[in-house]
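Worksheet for the structure shown next.
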Amino acid sequence: MRDRCLRSAGNDGTGTREGASKHSSWTSTINAVEDGSADLVLIILSAHEIRDRRERERLFHESARMLADSGRIVLVEHLRDVAAALAFGPGLFHFYPRSIWLKQVASARLAIRDELAITPFVRVFVLERV
């Protein structure tokens with residue numbers, strides 16, 4: 001299935017674009033998207049699974065790269081906060097605090113256009129390029 005998706009996206013599966021280095025498998029698909037061609041990028045309850053900070057930063061940089069001038073990124077994530085502690089106990093350490101998300105968003109030259117809570121422990125960030 002993965003190979004079929006990569007072939008249909010016109011990517012050889014190496015995870016590289018000209019001038020870019022090799023990264024994890026998610027970059028193979030994201031690199032197939034042209035610069036400034038996406039009106040909407042959805043990152044839903046998954047970015048926290050990228051445990052390496054540099055890889056998460058790369059996710060945001062690549063998402064910003066492919067975002068059209070008027071495009072938006074919708075990031076939906078659990079937060080490490082009091083509500084998550086009550087809901088998940090020690091499992092809350094699998095999530096990141098809001099401050100980490102804000103730093104990573106800023107590092108990709110993205111700004112928060114809107115933010116809302118859809119549950120006491122899930123937050124939606126609507127992002128745009130600065």
* Cα pair distances of the range 38-129 binned at 5 Å [whole percent] -> 3, 15, 26, 26, 16, 9, 4, 1, 0
* Taking the range 27-92, how much of its Cα-Cα pair set, in percent, is spaced more than 20 angstrom apart? -> 37
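Every number here is computed from the coordinates shown, using simple stated rules; none is lab data. A quick note: this is a predicted structure, and the numbers were derived from the prediction, not measured.
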